[in-house]
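Here is the structure we will look at, set down as structure tokens.
Where a number appears in this text, it was derived from the coordinates with a stated rule and is not lab data. Just so we're clear, the structure is a prediction, and the values are computed from it rather than from any experiment. Neighbour counts are summed over all protein chains in view; Cβ atoms, including those assigned to glycine, are modelled from backbone coordinates with ideal geometry.
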Amino acid sequence: MHIRDGLGSAFQSIFSHKLRSLLTLTGIVIGVLAVVAMFSSVYALKDLIQTNMEGMGWNHSIVIAPGGFSMNNRRQPGRARQKVDPISYDDYQALISTVEHKSAYGMIEHSSLYRLKNKQLYVRVRATNQEFFRNKNYKISSGRYFNNYEETNRMPAVVLGYYFAQDYFGKKDPIGEYLKLGNQRYQVVGVLDKDKLNSGNGMNFNTFERREDLKAVYVPLSFGASYLGTGGGIHMIYLQSKDDDSFVRMKQQARQLLLSRHNMYPNFTFMDIGDMMLQISEEIDKNLRKWNIALSAIASISLIVGGIGLFSTLLISIQERMMEIGIRKSIGATEADIFFYFIFEALSLAFFGALLGIVLAWLLINGLEQAIKFPLYLPIQGVALGVGFSLLIGFLSGIYPAAKAARIDPIQAIYYS
């Protein structure tokens, strides 16, 4: 038997009973729609979490801070404390020029007095470099970031956080204005935009910390190391690797370099944010996979119900096509030919149902995305599972009716009434 003939016979039977075929497909359509929609919601949530983690610079990263011992190398009991310098701006420069990395920035935290009319307020001043803004996904709303000239020459330039600019300058454009904080006078070169990462995507991450970031003002790291009273020291160094494979190598290189610069004394700590985020991501993935399995099992009930409907329709079709079966057998069709005619019809119905379910799922996903402002997409895994499971249901539902039709006696079939 030719496959083309079998498919042609199946399509002819399906389209000659359009309403019955459509009703038969209802269960399969709803099942595929549910499976695809469930996969879409779970994978969209997973992608959103991953994107936000990357947007906040949490992945593949470590934070190096001053301390009496390293997290991975505690000071041995009785070992004399050596005279070593704290982590400095020069250490930071050595790290970024030597250690392979994707992103790096230093940070100095300082509090300065700001006089506004008759009030005296303390403002958080942070000394850092451009990579901080890029890594944290903070955009500029007006002006610019520090340029290389200002960073290299320790210029008193300042970038204002969005909320600081709103509170102290209102609707006035502060670019080019001078701002006096403590005994230092700075020129405003830029203003950060509002937090786009936590707006309009249906889920907020680390909102409090990011709001505090946008209340602060920022000066070049080189300027802070010289003029904010740290004696050239810095409070924190952030390093981010390019990928998982280079993460361990980056940590080892950073540790070895700092030890060599500090007389082999580990007066710094490593906070392994990348490892913590990796563990959190793996836990999230594990729970989402369990949730996906549970949702798919529930959605698959509709596919099973659709398979029962398809089974019933094929049994009814045998009675209607008795004469056709008898004629086919009388002119040479074998039992295998008749069996595959019905199997192809079952598979064709299941495939059409899966396609219709995918189209409806796509329309539903797009409608929900616009309505709830949450990023959704049509997942390939959900589509593949929906189509594969519906074809499996179609095949299993068609086995008994096809076998029954194949065993019919052609003489009885021709004279069946």
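Give me the aspartates and glutamates in straight-line cross-link reach of residue 404: C-alpha distance below 15 Å, same-chain residues under 8 apart excluded.
Partners within reach: 320, 324, 335, 337, 345.
Quick one: compute a quarter of the convex hull surface over the Cα atoms of the stretch 344-417 and quote it in nm².
Details: hull surface 27.2 nm².
Computed as one quarter of the Cα hull surface, the answer is 6.8 nm².
Would you please calculate the Kirkwood hydrodynamic radius of the stretch 125-249 over all C-alpha pairs and express it in Å, rounded to one decimal?
Working: mean 1/r = 0.0641 Å⁻¹.
Mean inverse Cα-Cα distance, inverted, gives 15.6 Å.
Assign unit charges at the C-beta atoms only (+1 for Lys and Arg, -1 for Asp and Glu), then state the dipole size of the stretch 111-248 relative to its Cα centre in Debye, rounded to the nearest 20. The partial results should precede the final answer.
On the way: 20 positive and 14 negative charges, 151 e Å.
Here the stretch 111-248 has a charge dipole of around 720 debye.
Under 20 Å from the Cα of residue 215, which lysines turn up, not counting those fewer than eight places away in the same chain?
Counting by Cα, and skipping residues close in sequence, residue 215 has these lysines nearby: 117, 119, 136, 139, 171, 172, 180, 194, 196.
To make sure I understand, if each residue's beta carbon is the centre and we count other beta carbons within 10 Å, what order do 408, 62 fall in, fewest to most? All intermediate terms of the calculation are to be shown ahead of the outcome.
Numbers: 408 18, 62 21.
Ranking 408, 62 by Cβ neighbours within 10 Å, fewest first, gives 408, 62.
Looking at the stretch 316-413, which trypsin sites (Lys or Arg not before Pro) are DSSP coil and have at most 12 other C-beta atoms within 10 Å of their C-beta? All intermediate terms of the calculation are to be shown ahead of the outcome.
Numbers: sites: 321, 328, 329, 373, 404, 407; in loops: 321, 373, 407.
Filter output for the stretch 316-413: 373, 407.
For the stretch 85-261, calculate the relative contact order in percent as a whole number, restricting contacts to Cα pairs under 8 Å that are 6 or more residues apart. Write down the numbers at each step before the final one.
Details: 306 pairs, mean separation 60.5, N = 177.
With pairs under 8 Å counted, the relative contact order is 34 percent.
By a straight-distance test (C-alpha under 12 Å), which aspartates and glutamates pair with residue 242 as possible cross-link partners, with residues fewer than eight away in the same chain excluded?
Cα-Cα hits under 12 Å: 54, 100.
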